[in-house]
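This report concerns only the one structure given below.
The values are calculated or read from the model by the stated rules, or taken from the named source; none is laboratory data. This structure is a prediction, so every number in the text was calculated from the model and none was measured. Using ideal geometry, Cβ is built from the backbone for each residue, glycine included, and neighbour counts are taken over all protein chains shown. The protein model used for the area step is the full one, side chains on, heavy atoms only, and it has no ligands, DNA or RNA in it. Shrake-Rupley method; radii C 1.70, N 1.55, O 1.52, S 1.80 Å.
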Amino acid sequence: MSAGQDFFVIKAKEDGVNVMGLTRGTDTRFHHSEKLDKGEVMVAQFTEHTSAVKVRGKAIIQTSHGEIDTEA
Ligand code: TRP
């Protein structure tokens with residue numbers, strides 16, 4: 001559940017896309033917020049600290065399960 005594992009890619013289709021990481025475990029809260037501007041890409045993994053990710057704004061999310069588009 002750390003380096004070497006599967007990763008996912010988020011590409012912003014507009015300025016100010018927010019990528020928020022949520023904690024793993026019984027306490028589910030945001031622990032990280034990343035702002036992406038149009039065309040910027042974030043490559044990330046799920047880790048021992050991060051079990052879920054919320055994306056706000058227009059973006060493309062690629063995972064090993066496929067690709068999905070957010071709607072603004
Ligand atoms: N320090 C965080 C962690 O190791 C960094 C991180 C990994 C992260 N994946 C993320 C932050 C996804 C936001 C979204 O878990």
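Think of a 1.4 Å ball rolled over the protein heavy atoms: the stretch 1-47 then has 66 Å² of accessible area per residue. Taking a virtual spin label 7 Å from the Cα of Phe7 along the C-beta vector, which residues in the stretch 26-46 bring their backbone nitrogen under 20 Å of it? What the label zone holds, given the 20 Å backbone N cut-off, is 32-46.
When you filter the GluC sites (Glu not before Pro) in the stretch 17-58 for DSSP loop state and at most 11 other Cβ atoms inside 10 Å of their Cβ, you are left with Glu48. Dipole magnitude for the chain: computed about the Cα centre from +1 point charges on Lys and Arg Cβ and -1 point charges on Asp and Glu Cβ, it is near 140 debye. Atom-type composition of the exposed protein surface of the chain places 49 percent of the accessible area on carbon and sulfur (1.4 angstrom probe).
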